[in-house]
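The values are calculated or read from the model by the stated rules, or taken from the named source; none is laboratory data. None of these values were measured; they are calculated from a predicted model. Here the Cβ positions follow ideal geometry from the backbone for every residue, glycine too, while neighbour counts run over all protein chains shown. Just the protein is used for accessible areas: all its heavy atoms, side chains included, with ligands, DNA and RNA removed. Shrake-Rupley method; radii C 1.70, N 1.55, O 1.52, S 1.80 Å.
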Amino acid sequence: MRFGHFDDERREYVIDRPDTPLPWINYLGTEAYFGIISNTAGGYSFYRDARLRRLSRYRYNNAPFDFGGRYLYLRDHAQDGAYWSPTWQPTQTELDEYECRHGLSYTQISSAYRNIKAQVSYFVPLGETLEVWRLRLTNERSPDQADSVAELSVFSSVEFCLWDAQDDATNFQRNFSTGQVEVVDGVIYHKTEYRERRDHFAYFACSEPLAGFDTARESFLGPYRSWDRPIAVERGASSDSIAHGWQPHGSHHVRVTLEPGETREIGFVLGYWENPRDAKFDPPGSQTINKHMVRPVIARWLQQETVDAGFRALREQWDALLGGLQVATPDGDTDRMVNIWNAYQNMVTFNMSRSTSFYESGIGRGMGFRDSNQDLLGFVHMIPERARERILDIAATQLSTGGAYHQYQPLTKRGNNDIGSGFNDDPLWLILGVAAYLKETGDTSILEEPVPYDNDPGSEQPLYDHLQRSLRYTLERLGPHGLPLIGRADWNDCLNLNCFSETPGEPFQTTENATGGVAESVFIAGQFVLAARELAGIAALVGRPGQEYLDAAEKMAGTIAEHGWDGAWFRRAYDFHGNVVGSASNDEGQIFIEPQGMCIMGGVGVEDGTAATALASVRERLATPHGIVLQQPAYSSYRVELGEISSYPPGYKENAGIFCHTNPWLMIAEAIVGNGDGAFDYYKRILPAAREAISEVHRCEPYVYAQMIAGRDAPTHGEAKNSWLTGTAAWNYAAVTQWILGIRPELTGLRVAPVIPADWPGFTAVRRFRGATYNITVQRGAERSLTVDGEARDPDSVLPLAPAGAISEVILTIS
């Protein structure tokens, strides 16, 4: 069952009914000011940090879902005072027409009711810390019908958050007394705590003269009422309320008269502003916000021509960003995901990491060390300069031991002590992230950038030193089998082999680990082989010695062969007591997906055939029609020695769910051994666009990847959860573009080495790389051959680097 369709030409997903199985969301903003928005206008906004600078409120896990948002209400004064929401929520009126178009960093919701057509567009202009709501109203009534002239009221509504979202949702004894606003010239200024330590405020403005306003939530809603029937809308008049504590709120009331056929536009601007600390008040010494600097910004963005230009600029930016790679393959779903939606999700994930979505509240998680390094794979070709900045930010949170905070806060760029460190895979991801940047850009100067440890002034060392310490961190923490110690966990945060938690509610990832254990990770061993070989390549690129890294990789690969191979697949780990995990000798959890992918990506077992054996075991034991499950058999009961992985019911999340993040590792592994059919088969099983027809099963958005899909042991097999913010996006993009299509950046240039399905005749692609454009044609033929600008080349060679600005014609013939 479908709830919409793709509009590839406009790069939009069109939702044609409001009652999607779950809220289907989009993101506003690309720089510093961001928001999430659902297909019915739910969501919230924030500046840089979703916890510490949240502008508006949103209620997670509410009944019904998706309450709190960018709401508008229309009231028909001429026809019995009926009112409705043009975005369906929150009144849930049965509209005559409804359509939501989620585009790239914008959303447009259109509806019709009582022959009044409404279109609401939301976007964040480039270079601004504000969002625009544009309402376009059209009277579609016949001139000869009664009440053909529409006498309407428009009410806007946003509920302000008192900045720190965690405190806002918990510290009511204080917060019910701190709320403050100002209303000047129809602009509502939210200034809670501005009188003391804050130098920032929010504002909410309207382009039209106001019939009234409200800034106290209870005055707008009425006692014991909710958002579906505000008293101000019901009676058709605001009360000009001023909030004093309780719940600051912003609502404008505009009266509109529309002749038949007439269209009118009304603009709203919700924004964030910071004043210099020595210029907070006007006049100085007062408690009145200094508005001199923000007023011109507000006035400019209430002008229709400014809004038109801002929206064009946003569309043009996405033209440029997506132009880094465009493909035309025999598969339409692949094209729309590679060309539009997967690339878009990569950018959103770069901006948000794992902090803010319908499933992530923006409170408990910051920017992940591991997560952000993996996300580089998906966006580095679009914005290499921001990738560089992100790498340096991540590295600056690294500890002097080579270890890492698991997360850091985007506003402060400091390590997050609430989560702490000790996830022993984390440091190796820095090597892989830097390698991805170097392969894309060739910018070796980043390796000499001085970067502090733990943001401690005076501790700066070249970034290359950070990479070396990342590798040493693993080598200094080996267990009795010579495999890396797992620490708190590895990539699978829920495999907690040193935790032994028996206290309800105790966090598995932050509780004090037991001492004296020898828990080892085969996954980190495979990751180490991959990272050590990457570092050796980087060393060779810049003329540094790197043989020791190759030797270390070779030694670890031998250790995996001796202690990490179970006979038909790679083992997962050894627990605290040295017992094997992920072995045929276990009663449950016999085979895991993660080491099969990571070890093969590191090259382990490729030459001697064990990789092919492991892949056959994955296909037999783990593959389902909806994707590859994380392990089998599922754990049927809680096992204290394994931790959180066994706390989930069978088939969900890490307990044998389809953890989509790991699936592309198997796609890459299949491509490495030359199995194009197998790689593409796995790709299509979890491809969102290919699952659109089963949206009633999948439930999440069909235009972006989800973190997990319920596994075969779950009653809801095939149901997705945790969409948008997942490493699945970057890894699937890398799998399909670099390994299946084979357009792969390397340290010395661009390689084209496709491993495509046997029934594909070929494909074409346009790839921007290091300032040049490569027009690539892959075709079938009797013999393999490669021509670059008409000159024959070794088909196994890296493409010659074209000068910046040049266009290079590449034709690869494969047998």
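Approximating the spin labels as points 7 Å out from Cα along Cα→Cβ, the GLU506-to-ASP418 distance works out to 2.1 nm. Here is the tail figure for the range 171-257: Cα pairs spaced more than 14 Å apart come to 64 percent of all pairs. Across the chain, the mean sequence separation of Cα contacts (distance under 8 Å, 6 or more residues apart), normalised by length, yields a relative contact order of 9 percent.
The residue list HIS563, ILE593, ALA689 was ranked by how far each Cα lies along the charge dipole of the range 549-706 toward its positive end, using unit charges on Cβ atoms, and ALA689 comes out on top. Calculated [222 nm] ellipticity per residue, helices only, for the chain: -7000 deg cm²/dmol; basis is -39500 (n - 2.57) per DSSP H run with n ≥ 4, divided by all residues, nearest 500.
Farthest towards the positive end of the charge dipole of the range 85-143, among the residues ASN139, GLN119, GLN92, is the Cα of ASN139, using unit charges on the Cβ of Lys, Arg, Asp and Glu.
Under a model in which nothing but the beta-carbon of Lys, Arg (+1) and Asp, Glu (-1) is charged, the range 195-276 shows a dipole of about 300 debye around its Cα centre.
Taking the accessible area of the range 683-814, probe 1.4 Å, and keeping the other protein chains in place, the carbon and sulfur fraction comes to 52%.
Over the range 720-815, Cα pairs under 8 Å with separation of 6+ residues give a relative contact order of 25 percent.
Projected label points at VAL542 and VAL640, each 7 Å from Cα along the beta carbon direction, are separated by 4.8 nanometres. Sparsely packed loop sites in the range 403-454 (the trypsin sites (Lys or Arg not before Pro) outside DSSP H, G, I, E and B with at most 16 other Cβ atoms within 10 Å) comprise LYS413, ARG414. Computed from Cα positions, the angle between helix 547-559 and the longest principal axis of the chain comes to roughly 80 degrees.
Compare the Cα positions of ILE807, ALA772, TRP318 along the charge dipole of the chain (+1 at Cβ of Lys, Arg; -1 at Cβ of Asp, Glu; about the Cα centre) and return the one farthest towards the positive end. Of the candidates, TRP318 comes out farthest on the positive side. Please check the chain for the longest run free of chymotrypsin sites (Phe, Trp or Tyr not before Pro) that are loop-located per DSSP (anything but H, G, I, E, B) and have at most 13 other Cβ atoms within 10 Å. With a cap of 13 other Cβ atoms within 10 Å, the longest stretch comes to 225-815. Placing a label point 7 Å from the Cα of ILE242 along the Cα-to-Cβ direction, the residues of the range 284-310 whose backbone N falls under 18 Å of that point are 286-291. At a Cα cut-off below 23 Å, give the lysines reachable from LYS721, other chains included and same-chain residues fewer than 8 away excluded. Filter leaves LYS653, LYS684.
With a Förster radius of 41 Å applied to the beta-carbon distance between THR716 and ALA78, the computed FRET efficiency rounds to 0.30.
Think of a 1.4 Å ball rolled over the protein heavy atoms: the chain then has 34 Å² of accessible area per residue. Using only side-chain charges placed at the Cβ, +1 for Lys and Arg and -1 for Asp and Glu, the dipole size of the chain relative to its Cα centre rounds to 820 debye. Rounded to the nearest 10 degrees, the inclination of helix 663-672 to the longest alpha-carbon principal axis of the chain is 40 degrees. If you roll a 1.4 Å probe over the range 385-493 with all protein chains in place, what percent of the accessible area is carbon or sulfur? Accessible surface attributable to carbon and sulfur in the range 385-493 totals 45 percent. Extending 7 Å from the Cα toward the beta-carbon at both ARG300 and ALA568 defines two label points whose distance is 6.6 nm. Per atom type, the range 333-384 shows carbon and sulfur on 46% of its accessible surface, probed at 1.4 Å. For the chain, the longest piece that avoids every one of the GluC sites (Glu not before Pro) found in DSSP loops with at most 10 other C-beta atoms within 10 Å covers 197-501. Taking all protein chains together and rolling a 1.4 Å probe, MET293 ends up with roughly 80 Å² accessible. With R₀ set to 30 Å, the beta-carbon distance separating ARG784 from GLU746 gives a calculated FRET efficiency near 0.95.
Here r is the Cβ-Cβ distance between ALA328 and ASP308 and R0 is 35 Å; the resulting FRET efficiency, rounded to 0.05, is 0.65. The aspartates and glutamates within cross-link reach of LYS291, meaning a Cα-to-Cα straight distance under 14 Å and a gap of 8 or more places when in the same chain, are GLU182, ASP185, ASP199, GLU274, ASP278, ASP282. In sequence order, the range 719-727 has phi-based couplings of 7, 8, 9, 6, 7, 6, 8, 7, x Hz under the Karplus curve 6.51 cos²θ - 1.76 cosθ + 1.60, θ = phi - 60°, and Gly or Pro positions carry x.
Helix 342-352 axis versus longest C-alpha principal axis of the chain: approximately 80°, rounded to the nearest ten.
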